[in-house]
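Inspection log for the structure reproduced underneath, given as structure tokens.
The values are calculated or read from the model by the stated rules, or taken from the named source; none is laboratory data. If you're wondering where the values come from, they're calculated on a predicted model, not measured in any experiment. Neighbour counts are summed over all protein chains in view; Cβ atoms, including those assigned to glycine, are modelled from backbone coordinates with ideal geometry. Heavy atoms of the whole protein, side chains included, go into the accessibility calculation; ligands, DNA and RNA do not. Shrake-Rupley method; radii C 1.70, N 1.55, O 1.52, S 1.80 Å.
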Amino acid sequence: MSAPHPPKVAGIDSVVTASLHTAAPVPPRTAPAPAPVPAPSTLIQDRLAGMVSDLTTLNELTERLARSVDVDSCLEEFLRAGAALVGARRGLIVLEPADRLGPVTTLGLGLGRADLGHIETVPRGSTSYGRILDGLADAVGGSEILPRAGEEPASGGCTAPIDPRHREVAARLGYCASYTLPLTAQAPGRLGAVVWLYDDQVEPSERQRDLVGLYVRHAAEHLARVLEAQRARTRLATVAEELLPSRLPRVPGVQLAARHHTGPLGGGDWYDALPLPEGALGLAVGSVTGAGPGAIAAMGRLRASLRAYAVMEGEDPVAVLSDLELLLRLTEPARSATALFAYCEPGSRKIILAGAGHTPPLLIGEHRTEYIETTLSAPLGMLACWEAPSVEIEPAAGETVLLYTDGLLRRTGDAMDRAYARLHAAAAGVPRAAREDPAAIVDHVLRMVLPEEDFTAESAEDIVVLAARFD
């Protein structure tokens, strides 16, 4: 009788025993598992994160640009921000407005004055930015790959043949590619062109092009506003300068020097020096309230009227200022003004002066430096009738009388008593070698009173300083 057959378990025949010397079966080879495909939501999140990062960058750059209040600083910030966006380290921007009203300037980033001079030797028509400035219809900017010696020109935004001089300058300065964009604003039109230079034969990516395109459109509008504001300030300053003496008169026995700096809004500070009968000399300084074209026009009318009154009755400064006050009250009822008029006889070194709410003159000499105390009086146009006594002084030979407006004191930023003390200390410290030249005295006083002032930049206050040195 045979033994019963054991049942099968999980498909394995239990009768067949595994050999102890047989290796375990090798599992069949399978293909590597495919990389996991990111979910659509992940792709959208990454794209949104990139867009947010780009917008944040643009916001920071445009905020920095908005803090630029003059054309030069605006162009510098424009170049730096654009270079960061397109991945370049050098570039240049050419400001050449299509309306031909100026200003025309070229500014470089990572390029010295000599480098810019080399670039300007390239024929204008052979550069992408030159064709933009010339207003050619096919000038749209874009990438330009400059071939090295023996290479064929590469395709890019510029299809014009490469001028040999262009290739030579590029090799000299070490750049192999450029990216150019026009500067165009809505109102004024074409303002200029900007070029970023690459050390290798590369061009910005599509993302960089989009970013810099957005930035340039915004920056061009800001530049147009800054440019128009600067033009307006320049026009006002020009008008103000034209209303003041083009040159000071030459009168025996006295040397004259003057400095005038107009604020950005165009103020009403003025000065005058005019020869009078019998060898006399009239000196005047003043300030009209307000700013802008109206104040400049009022200043011009007031100065012209004072000249007429000085010729008729200059030996009586009180009468001159009284007539001026009446004229101001009748013709400019909404304005007031400060003024100081001095009648000088250089031969006898005699000065008669009167002031209306104006800062006191300063007498500068080798043995004394002191303020000339004029009688305290209200400004012109403030009272129904103005009147104040005059003051008579006799400066010694070699002494200088300094007349100035309160803008000199206000631009110090100090309280008025401290500003007066600073002015007195500056006048007392004039070097002995400079005391013989009134222009040197004025310059020294300005440097000492306003040591950090940049008189080529715009400032809120006008400054007028008039010096008369008696022989």
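Being surrounded by 15 or more Cβ atoms within 10 Å (Cβ to Cβ) and either in contact (Cβ under 8 Å) with a residue 40 or more places away in the chain or part of a loop (DSSP other than H, G, I, E, B) (or both) is the filter here; which residues of the stretch 348-363 pass it? Explain how you work it out, then say what you get.
Just the residues of the stretch 348-363 that are surrounded by 15 or more Cβ atoms within 10 Å (Cβ to Cβ), to begin with: 349-363.
Matches in the stretch 348-363: R349, K350, I351, I352, L353, G357, H358, T359, P360, P361, L362.
Can you tell me which residue is surrounded by the fewest Cβ atoms within 10 Å (Cβ to Cβ) among those in the stretch 364-396 that are over 30 Å from T331 (Cβ atoms) and out of contact with any strand residue (DSSP E or B) (no Cβ under 9 Å at 6 or more places or on another chain)?
H367
Residues being farther than 16 Å from S287 by Cα and not in a helix (DSSP H, G or I): count how many of those fall in the stretch 307-335.
Total meeting the criteria: 3.
Condition check ((1) within 27 Å of the chain's Cα centre (by Cα); (2) in a helix (DSSP H, G or I); (3) of a type in the set (G, A, S)) across all residues:
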| site | (1), (2), (3) |
| --- | --- |
| L191 | yes, no, no |
| D200 | no, no, no |
| P204 | no, no, no |
| V216 | yes, yes, no |
| G263 | yes, no, yes |
| G282 | no, no, yes |
| V285 | no, no, no |
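Restricted to the stretch 430-466, and to residues that are acidic (D, E) and at pLDDT below 90, which residue is surrounded by the fewest Cβ atoms within 10 Å (Cβ to Cβ)? Walk me through how you get there before you give the answer.
In the first step, residues of the stretch 430-466 are kept if they are acidic (D, E); the result is 436-437, 443, 452-454, 458, 461-462.
Then drop every residue that is not at pLDDT below 90, which leaves 452-454, 458, 461-462.
Working: E452: 4, E453: 15, D454: 8, E458: 16, E461: 19, D462: 27.
Result: E452.
Of the numbered conditions (1) open to solvent by 20 Å² or more (accessible area, probe 1.4 Å); (2) at pLDDT 90 or above; (3) of a type outside the set (A, V, I, L, M, F, W, C), Y198 fails exactly one; give the number of that condition.
Condition (1) is where Y198 drops out.
Table: residues versus (1) open to solvent by 20 Å² or more (accessible area, probe 1.4 Å); (2) in contact with an Asp or Glu (Cβ under 6 Å, 6 or more places away or on another chain); (3) of a type outside the set (D, E, K, R); (4) at positive phi.
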residue: R250; (1), (2), (3), (4): yes, no, no, no
residue: H261; (1), (2), (3), (4): yes, no, yes, no
residue: L274; (1), (2), (3), (4): no, no, yes, no
residue: G282; (1), (2), (3), (4): no, no, yes, no
residue: V285; (1), (2), (3), (4): no, no, yes, no
residue: P293; (1), (2), (3), (4): yes, no, yes, no
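Is one or more of the residues making up the stretch 223-230 open to solvent by less than 60 Å² (accessible area, probe 1.4 Å), closer than 23 Å to S68 by Cα, in contact with a strand residue (DSSP E or B) (Cβ under 6 Å, 6 or more places away or on another chain) and assigned to a strand (DSSP E or B)?
No, the stretch 223-230 contains no residue that is open to solvent by less than 60 Å² (accessible area, probe 1.4 Å), closer than 23 Å to S68 by Cα, in contact with a strand residue (DSSP E or B) (Cβ under 6 Å, 6 or more places away or on another chain) and assigned to a strand (DSSP E or B).
Go through (1) part of a helix (DSSP H, G or I); (2) open to solvent by 10 Å² or more (accessible area, probe 1.4 Å); (3) more than 30 Å from E144 (Cα to Cα); (4) aliphatic (A, V, I, L, M) for L211 and report which single condition fails.
Failed condition: (3).
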